[in-house]
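The values are calculated or read from the model by the stated rules, or taken from the named source; none is laboratory data. From a predicted model like this one, the values you see are computed outputs, not experimental measurements. Virtual Cβ from ideal backbone geometry, glycine too; neighbours counted across all protein chains shown.
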Amino acid sequence: MGQYGTLLPRTKEECILLYEHWGCFKCQHLYAGHIQHDCLNNFPQVHTMITPAMAASAKVDFEKMQHAGWSNCQCMHAAIHSLALHEGPSSDSKHATQC
């Protein structure tokens, strides 16, 4: 964590994954259905490193939902957030939450 309880910036690789997978740079959810300026969620309390495997899994889930006829991906962030919590926070202090 940075000074005053803030989280350090995300790595360049994590920012690229957020961008490529329609992520929100505030709440850090992939395929969130919104952008940071429209985000009603809070910033993450702990850092969870966004990995290529996490992004690939989110993409598969998102595509399944699209094929099932779900036009609104707002619910996707809950599934991705659940996945992030399951994988746990990163212990590497050089990774953080905002770009």
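Structural remarks
- Every pair of residues 6+ apart whose Cβ atoms lie under 6 Å, when the first sits in the range 52-65 and is in contact (Cβ under 8 Å) with a residue 12 or more places away in the chain and among the aliphatic types (A, V, I, L, M) while the second is assigned to a helix (DSSP H, G or I) and surrounded by 12 or more Cβ atoms within 10 Å (Cβ to Cβ): Ala55/Leu17; Ala58/Ile80
- Across the range 46-73, the number of residues qualifying as farther than 16 Å from Leu18 by Cα and in a loop (DSSP other than H, G, I, E, B) comes to 6.
- Residues that are β-branched (Val, Ile, Thr) and in a loop (DSSP other than H, G, I, E, B) were ranked within the range 1-45; the one that is modelled with the highest pLDDT is Thr11.
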